[in-house]
Structure formats: structure tokens, C-alpha cells
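What follows is a set of notes on a single structure, which appears directly below.
The numbers here are math on the coordinates, done by the rules we state, and not lab data. In this text the structure is predicted, and so the values were computed from the model without any measurement. Cβ sites come from the backbone with ideal geometry, for glycine too, and all protein chains shown count toward neighbours.
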Amino acid sequence: MKRFVLVFALVVALAGAIVAAASALSFDDSSSFACTTPNDVVWTCPAGTVGSPYSVQFKSRSGCSPDFVEFSVASGGLPPGLTISPSGLLSGTPTQAGTWETWMQVKDVPQSWCADDNASQKQFVFNIQGGQPALDLEPASVPPGTVGASYSAALTVTPTGTMSFSVASGALPPGLSLGSSDGVISGTPSATGAFPFKVQAKASDGRTIARDYSISVADPLTITPPALLGQQSGRSEIGVALSGKLAASGGNGTLAWTLKTGSLPTGVALGTDGTISGTPTEAGSFAFTAQVADVDGRTAAVDQTLVVASKLAFKTVKLKSARVGRVYSATVKTLGGVAPVNWTVLGGKLPRGIRFQKTLGAVSGTAKKAGTYRVTLEATDALGVTSKRTFVLVVKRS
């Protein structure tokens, strides 16, 4: 008797260590299931219509548990626009008419308490009837706006037809409105900011389409002309470094500068931050247009001209001779540089009775004594560029 009890206990213990096997998995075709069949072989599901929402909920029975299965398409494919979830919900909006014969599959998801991984397949037929095509609202986004500037953006629906447009949620920027019959957003924005909203378009047959939009409104871009260091009234000089910065206000986000038209002197460049800098290596008049743009695509432009003079040099290379007792006058002249030019006597001396006028660069007066005289002159222009030269003045006897 004791031996029998021990054997029975051992059998019970072994049975508890073995994972139970479930009954055969299959599709649940109870009376609540929407698809029907005359022969339990091929099932026909409810007909759908292009452009109209469609759904069928597939279920299973037996197996490990109806809660631990996955549904999928085994072969054949679904009507375009429809998908099936792992939980068995076939849903979507058909986009194409026709008939689709599809093998659907349901499969066990093994659990710690159930070792089954069985699968069951059935063939289903889906008939999708022709209907009104789905609506499409375009464009996907609308342009930004600028305070005080006229705004217009047209929304269109395809296929075309009689439509009514409305703002379903959110709000347009102050100063803008949506045309209920033409779908045109228009007006003049009066406040800055980001304005998200949803537009709904409704067809005469009741079909609707909605889309989310956002309009960014900023102040207009305003440019401040540059103040270029190392130049006078828009003039520069070969070999003289210059620097300055174009400035702009308004717009949205980081501003970026580009050279729209024209050219800068060789050696000078425009940076994306608006900095104009460099050392010109060629003389001439350089007209250019600089453009600034913000992150939304707003732009503003300014026309500028930079005149580069040749390097300062002496045009006068020698002084004419003078005579004792006679009035003498000569002017030392320069080439290039940026006016005004100031003069300095660096060394040497002029004949008694002859003076050098520093503001005019003029040598004048009446020499008192014959002889040969040397004097070194320096010219300095408005940009600080200097040039010097030694002149010889011969005074002859009368």
C-alpha cells in the first residue's frame, strides 16, 4: 500500500513539471463574425468602398489562449489602403476597387505555461467597390508671413469640386483669414509669432479632408549700411586693410548674408555674418548687392559701392629751378591715395625766402641766395598712407 502511494505521488509530480499542450488553434467563426462562407473553405468578407473607412475584427479560438496569438497575411495581399494588426483588426480606407483573395494566418505566441506554436490559415475574399476617390489637401505647408506685408497662400483639394474650407482648430495669425469657398489664406499679418492651425475641406457629398499647418510671422528685415573701417566715404586704398559689418534686424532665427550681384575687390570678402573685410589688391570702383536671408526665407538687399584708390605716390618728381630776386611758385602733387593729403618736411632746408606751405604742398617765395638746396617731403593721405621724396631746388643768379 505504501509503495502504491509513493508511485502515485511521483506520477503527479512529473505531470506537474510538464507544460500542458493546448487544443488545436483555429479562426473563430462564431455568429458575430462579419465574414461568411457556404462551405467553410473560402470566406467572403463584407464589401468595401473606395474612399470609405473599412474594418473587420478577426478572432481565434482554442490554442494556448485567444489573448496570446498573432494575426498576419500568409499570402495574396490585402486591398491597397488596408492593413491588419497583430491583434487581428483589419482596417483602413480602400484606395482601389477590385477583388482580393487573401490567405490569413493566426499563430500561437508560446507562453511559459503553454508550449504550442501552432498556426492556422484560412482563405478570405475582399470585394472593394468603386467609389469617390479619397480627397487630398495641398500644399503640405504654407509660406511664412511678414508683419505689414500682404500675404496669400492658396489651398487646393484634389479631385477638384465644390468645396468648403474652415479652420477646424487653432487660429490664423491676426490679420489673416481663410476663404470658405476658395481656400485662399490672405490678408496682412499684424503680429509676430508661430501660429499652428488645422484646415478642414468638405466636399458637397460629405467627404472631408483635414491638414495641420503653421504660419511663422516675423518683423520685416531691415538693413543698416556698413561702416567700413579704413575707408572714407566708401573709399579705400590698395594695401590698406578694411573691415566692417552689415547689420540687419527683424526676420526669424539666424540671419545669413550672401553676395547677390556684383563683386568685391580682390582680397576682400563678405562673410555669412555680414562682415566685409580684407586688404584690397586692385584699384577701381566695385558695385555690389548684398542680400540677407532668415531661416524662413525672407530676404532683404542693399546696394553698395566700394572705391579702391591706387596707392599714394608722388606725381611731381622734380622742382623747376628758381632765380635770385624773382618770385617762385611750384606745387608738389601726388597720385592715388585718399584725400585730403597733408604734408611734412622731414629734412633738409629750402633757400632763404622760399617757404613750403604744408596744407597745399606749395613751394613759393623769392630766393635771396643762389645755390643748390635739398629737402625731403612726406605726404600722408586720409587713410594714413605715407609717401616721401627728396627734392633738389636749384637757385640761379638773376
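The Ala134 and Ser180 beta-carbon pair, evaluated with R₀ = 22 Å, returns a calculated FRET efficiency of approximately 0.50. A simple spin-label model places pseudo-atoms 7 Å from Cα toward Cβ; at Thr275 and Thr44 they are separated by 7.8 nm. Helix 2-17 and the longest principal axis of the Cα set of the chain meet at an angle near 40°. For the pair Ser310 and Thr156 in one chain, pulling the backbone fully straight at 0.36 nm per residue adds 49.4 nm over the alpha carbon distance. One quarter of the convex hull surface built on the alpha carbon atoms of segment 84-206 amounts to 12.5 nm², the projected area averaged over directions.
For the chain, modelled as a GNM with alpha-carbon contacts under 10 angstrom, which of Gly183, Gly239, Gly206 fluctuates the most? In the Gaussian network model the winner is Gly206. Arranged from fewest to most other beta-carbon atoms within 10 Å of their beta carbon, Glu237, Glu378 become Glu378, Glu237.
Considered as an equivalent ellipsoid built on the Cα gyration tensor, segment 17-129 has semi-axes of 29, 14, 11 Å, the largest given first. Extension gain, Ala34-Ser166: 0.36 nm per intervening residue step, less the Cα-Cα distance, totals 43.8 nm. Within the set (i) 203; (ii) 301; (iii) 125, the number that volume of the Cα convex hull per residue in Å³ takes when calculated for this structure is listed as (ii).
Measuring r between the beta carbons of Arg355 and Ser398 and using R0 = 30 Å, the FRET efficiency lands at 0.95.
For segment 322-379, the equivalent ellipsoid built from the Cα gyration tensor has semi-axes of 23, 12, 8 Å, listed from largest to smallest. Straightening the chain between Gln57 and Gln200 buys 48.5 nm, computed as 0.36 nm per residue apart minus the Cα-Cα spacing.
When the C-alpha to C-alpha distance is required to be over 26 Å, the pairs from Lys311/Lys358; Lys315/Lys358; Lys318/Lys349; Lys320/Lys358; Lys320/Lys388; Lys59/Lys198 that qualify are Lys59/Lys198.
Computed over the chain, the per-residue total of -39500 (n - 2.57) for DSSP H runs of n ≥ 4 gives a 222 nm mean residue ellipticity of -1500 deg cm²/dmol, rounded to 500.
The convex hull around the C-alpha trace of segment 168-325, projected and averaged over every direction, spans 15.3 square nanometres.
Rg ratio for segment 136-218: its Cα radius of gyration over 2.2 N^0.38 Å, N being its residue count, equals 1.06.
With N the number of residues in segment 222-309, Rg(Cα) / (2.2 N^0.38 Å) evaluates to 1.07.
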